[in-house]
Structures are given as C-alpha cells and as structure tokens.
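Enquirer: Handing you this structure, nothing more for now.
The values are calculated or read from the model by the stated rules, or taken from the named source; none is laboratory data. No experiment lies behind these values; they were computed from the predicted model shown. Positions of Cβ are generated from backbone atoms using ideal geometry, with glycine treated the same way; all protein chains shown enter the neighbour counts.
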Amino acid sequence: MFIDFFYLLRAHELEVSVNEWMTLMEALSKGLHQNSLLGFYYLTRGILIKTEADFDKFDGVFLEYFENVKNLDAIPAEFYEWLHDPKEMKPYDPNEVDARTTYDLDRLREMLKERLEEQHARHDGGQYWVGTGGTSVLGHSGYAGTGILVGGEGGRRHALQVAAEREFRDFREDNTLDLRSFQMAFRRLRQYTQQEDGPRDQLNLEETIKETGKNAGFLSLQFERPRENAVKVLLLFDSGGSMRPYSRICSQLFQAVDQANHFKDLKIYYFHNCVYEELYKEPSLVQDSAVSTLSVLNQLGREYKVIFVGDASMALSELYRVGGAISYQHYNEETGLTWLQRIHARFDRTIWFNPIPREYWPYDYGADSIRIIGQTFPMEHLSAEGLARGLKSLIAAR
Amino acid sequence: MTEFKGTSQYVVSESLLRSVNIAIALSKPLLIKGEPGTGKTMLAEAISEALGKKLLIWNVKSSTKAQDGLYVYDTVQRLYDSQFGGEGVSDVGRYIKLGKLGEAFRSEEQVILLIDEIDKADLEFPNDLLWELDKMEFYIPETGETIKAEQRPIVIITSNAEKELPDAFLRRCIFHYIAFPDREMMQQIIAAHFGALDEILLEETLRAFYLLREMPALVKKPSTSELLDWIQALRIGGIQPERIEKELPFAGVLLKKTEDMEAAEYHFSRGKGVKSGKNGVRW
C-alpha cells in the first residue's frame, strides 16, 4: 500500500527505513489513521519523520503525492453539517451492499461530483445521497464496500490543508545554520581523561581486590576519579569592520560556545583583523579591556585548543610590516604574521574558521592574506560541515 | 483501547493528541521535542492523570548511564556487609536495585515512564537502551534473572535537541515536535490555568509577550511557563492592564539574562524616550 509514496519520500532524501514503513503498515491495519487523510498525515509524519527539520520536506512530498485527492477539499461546509452525528446503521444486507463494491475511483468521484451539485439536505440511511448510516458509497459510518469517505473523524480539517500550510518551513536544515547546529558541533569537542583533580568517588574494583588481598582479606576500598572532559578552549574573535556582515553567525557561534558547559576552561578574546601585542576582552575593542597578548599566552598551557574566527582579510602590510596594524593609535613592534606564528607554535592544536565560503577564498578581497594565514593555520569555512571537520581535527590523534 | 484526550489543566493540540494515541496504540516510545517551556515534561503528567496510571520519572543527567535505568549492583554495600558477616550476603539479589526502567517493567499494572531530557546524557546513551525499549526486557547477569514487562509501559521521552539522537534509536520512536503555541492556543493554555481573565489584561500581556519573542536580539526567549508566571505576578501585583503597555512590570520573570533586559529596554525605548524605572523596564 502506498509503496510509491515510500519511494517518493526516499527519492527526496527522507531516509525512511523499511522498519518504519512496516510500523506504518501495522498502524494502518489498526486503523490509527482514523479513516481520514488528516489522520493519515499525522500518522505517517509521526512514524516516518524524526526531526522537525524534515517536516517541510515531508509536507512537500505529501502534497505532491496526494494532490490528486485534493478536489475533495471542495466539499461545501453544509455537507459536513449533514454528516455530523451519524445516524444509527440499518441492519446489514449483504446483497444490497456487495452489488455496489465494484465501482472504481473515477466512477466514485464522478458520483460525488453529481451529488455535490444536486444535494440540498441531510440524507441518512439510504443508498444514493451523501450521508451516514446507510449503504451509500458516499459518506461515513455506513456499509459501503468501497467508496469515498466524506466527513467523519477529522474530516473538517483536511490533511492536504495542513500540509499545504507548510508551517515548518523555518526548520529546514539546508536553509539555516542555527545555534543548535553550532552547539551540536561543539559537543563533539570532548576528550576524556583521568582528571588530575576532583573527588575520587568511583570505586575501582580491581584495585580494591588487589588492596584487600594485600590487606589479608580485610576490606580496603579504592576509589578513583571519574573521567571528565578535559578540553580547554581559547577562542579568538575578529571583531573588525569587515566582520560586520557575519555578525549574526558569529554571535550564534559565540552563544553556542558560551553555553557549552562541558569545557574544562574557556577563554574568549577579541582582536581587530590580526593579533598584535594586545588582545581585548570586549568585542568593542576598547582600550579598557585590553590585555597583553604575551601574558595571555603565558598563562595557558599547550593543551588549549585555539580557535580563531575571522575573515582573514586584510592589507598585506597588516601582516608584514612593523607598525602596519590597522588601528591608527596602535604601533606594533612586531609584524602581525610574527604574532600569528608565535601563537601557532605556542599551542598543540589550532584552527581558523572563516565565515567567507571556501570557494571565494582565492578571489575575495582578502585572497592574499587568506592564503598566507592559511599557510600557518588550518582553515575551514564557518559552516556546520566545516565546523564539524575543524573541531574534529582539534581532538583527533596526530 | 486506551485513549488520551487531554486534561483540564493541560491543553493539547490536535496533532499532539494524535501522536500520543498512535504511540500508545503501537506501544512504541513517543519522542517529544520542542523549545524549552512548551510543556514537554508536563505532557507525561497529563497523560498519567488522564489515564489514571502511575507515572515513573527517570530524570536524565549528563552523568546518567543507561545501566542506571535498569539496575544498580551495590558492590560497595555487599563488600562492607561481607566484611562484618552480615546476613544474606550470599544472596546477590539483595544488592540489586532496580532503576526506573526496571521498576516500570516490574510493575504489575501498566505505568507511564517518562525519560526526561534524554539528550542531556552521553551521545551513546540512547543506543544503549535500544534492546530494552524494543523488547521491554533485560537480563541481570549477577542473578541470572530476566526482568520482562508484563504490561508494556507507555514510554514518553523528551529532548531539548541539545544533542542529535542516533538514527537507530529514532527509528524505534514515534516523533512529535511541539511547536511554540500560537496566540489562539496560548489563550486556551492561559484559560486552562487561570480561568477567565480580564480581557484587556490578557490582550496586553500577550501583545507584550509576542513582541518580546519576536525580538531577534534576545538570547533566551521567554517561554510559556514564564508567561504563566508573569501573568500570576501581574495578578498578584494588581497591575493595571494599561501599565503593561507602558512599562514592563516584573520583567525579570520573563527575561532571565541581563543582556536581554537591556536589549528589551533598548528595543522598546527607541522613539519613545523613556528611562529605566524601578519596577522594571519603562518605555
């Protein structure tokens, strides 16, 4: 049943498995769709689709497949009134019903169309009009072998109508790189180790047995520290003017990192285009919030994962010249590149995330500086995919 | 057939109602996702109340292991007991304590089992429960006992989407996403909690609330539960409805972050030239 629908879903990259499909078949045989298209819609979506990001895609496929049923939408409201409160069914007469089970769908549609034009009142218990409790092939709560269900449970709000609203459009994954996908990516940044501090509250059975044995059978419990995430992060944000177009994505990245509570330590600093003698605690880069870059570097161990976020687009003098920093008040004694290389050498793992899509790197305004910085730091595009890859490289074994 | 129809306190959308009943009929776990504060946890309570079945809650934390839900073998206690020659040490069963899942399987009557915030746990956590949720049974090697559900519990699982759940796990669930309630639905929810409210109060409150939610700058959007708290606060404080529009009394109930308070103040004060006041943000 509906096997085409199954393949249509799969053709639209909705990864419906055979198991789920069988579950749907079981549900249908139990009548959980309650004989309505709306019920069928919720049933299939609940069983087959497992993320709200796919709801919109599903709605699209559902519409595509069931669109030819849509003309039932045109049933006038008064028909539903006549069909309300189904009348009690007449005694079953097999002869009368069975004779009519051979109508095919086209014939039934034709009949429905005729009735819609000529019916002006409620009719129950009969065989001709759209009604309840009878043997008419049109209506509900009756005996017809095959027919078109009109009204009944869920009839007033049509499934195609729900699907047509496509209210989940916002959730489509290809469309957004939202906070959640950032968070998800950062959750992968975990490295478990035996911690050096923290309470010893996990029983080490092996050691306990060993120690108890040594203790001539007198119980000696041995505890150890549980494993915890040991990842420490140093996040450096470019807060310069050319980053403004990416402020939304950067602010989401910032929130994701800030809310991730699984890091052992997290330090966040800002810089303007390139790092020099000073880093800033505030994105506004005001002088009050400046700290010496060297003192920051000296406080942090090699194990800090360094994440740069910036467009790496700047004049080459900002990288190559003493005093070439973009900020007029600031005179740098050492070149920007020296500083970048110093940071790179100071830590085990570094990564640079660039909000400019990779394909533009060779042609963008900052093509030269992107290339030069890319020689020092591994660089990834700031997208869900690039982020996942980059973060993975931070913890992968070398 | 057991059917859930909602309760007087808990307003269910039609689609959620269907999902719940589908899950019950197919005896599959129902996975509920949605923004915080859309009543995911309350759903299980409502189902339990409506169906008159006992509710077991398994609160998942970041340190929770799948094993904790099945049973815990209290080795330390047993070792201590053996040291002092306590009675019944040889009976391992005495030291097996069933977890929530175990309890739910053991129960003679059908129960509702809420596995709350499954995404808090480790990434592997859901995978470790596949068999148990599928077959509704597990084996305790220490005692050689198999705990099998006589009455398959109705399992409700909630997730805040902090982590992605594994596909194999998802395939076994019925999925439902609770969308944030629209105005109409919200009015029903408020009516369910407070009965008939002053219409102007309701109007003004909802207006301010949805205005706040639409602000892109907010780090943490206020949710349904915060709105309900806010209305409660406004009622207790005897705030005149007209004031809601001008000031935002008890803004702290809605907005939990300093930067959000500032953002709200900035957003609303533009062009209206109003200063910050004592009772909240004025604009």
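Enquirer: Suppose we keep only residues that are assigned to a helix (DSSP H, G or I) and among the β-branched types (Val, Ile, Thr) within region B:1-37. Which one would you say is nearest to A:Leu48 (Cα to Cα)?
Expert: Restricting to residues being assigned to a helix (DSSP H, G or I) and among the β-branched types (Val, Ile, Thr), the top hit is B:Ile22.
Matching residues to (1) modelled with pLDDT of 85 or more; (2) within 14 Å of chain B (Cβ to nearest Cβ):
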residue	(1), (2)
A:Phe5	yes, no
A:Asn19	yes, yes
A:Leu37	no, yes
A:Leu43	yes, yes
A:Asp56	no, yes
A:Asn71	no, no
A:Ala74	no, no
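Enquirer: Would it be correct to say that B:Pro126 is outside any loop (DSSP other than H, G, I, E, B) and within 14 Å of another protein chain (Cβ to nearest Cβ)?
Expert: Spelling it out, B:Pro126 is indeed outside any loop (DSSP other than H, G, I, E, B) and within 14 Å of another protein chain (Cβ to nearest Cβ).
Enquirer: Would you mind stating whether B:Lys28 is more than 14 Å from every other protein chain (Cβ to nearest Cβ), touching a residue at least 60 places away in the same chain (Cβ under 8 Å) and more than 30 Å from B:Lys221 (Cβ to Cβ)?
Expert: When the stated conditions are applied, B:Lys28 does not pass them.
Enquirer: I want to confirm something. Restricting to region A:313-331 and keeping residues that are within 16 Å of A:Asp238 (Cβ to Cβ) and at pLDDT 80 or above, which single residue is surrounded by the fewest Cβ atoms within 10 Å (Cβ to Cβ)?
Expert: A:Ala315
Enquirer: Tell me which of these B:Ala233 doesn't satisfy, since it passes every other one: (1) within 30 Å of A:Lys50 (Cβ to Cβ); (2) outside the structural domain of B:Asn127 (by TED's automatic domain parsing).
Expert: It is condition (1) that B:Ala233 fails.
Enquirer: Please determine whether any residue of region A:253-271 is acidic (Asp, Glu) and over 29 Å from A:Pro355 (Cα atoms).
Expert: The answer is no; no qualifying residue exists.
Enquirer: In addition: Which of the residues spanning region A:346-371 are more than 14 Å from A:Ala315 (Cβ to Cβ), at pLDDT below 90 and of a type in the set (A, V, I, L, M)?
Expert: Matches in region A:346-371: A:Ile356 only.
Enquirer: If I ask for residues that are among the aromatic types (Phe, Trp, Tyr) and within 27 Å of B:Gly34 (Cα to Cα), which ones from region B:91-128 would you list?
Expert: Correct list: B:Phe125 only.
Enquirer: Select from region B:38-64 the residues that are assigned to a loop (DSSP other than H, G, I, E, B) and either surrounded by 16 or more Cβ atoms within 10 Å (Cβ to Cβ) or in contact with a strand residue (DSSP E or B) (Cβ under 8 Å, 6 or more places away or on another chain) (or both) and list them in ascending order.
Expert: B:Thr38, B:Gly39, B:Lys53, B:Lys54, B:Val60, B:Thr64
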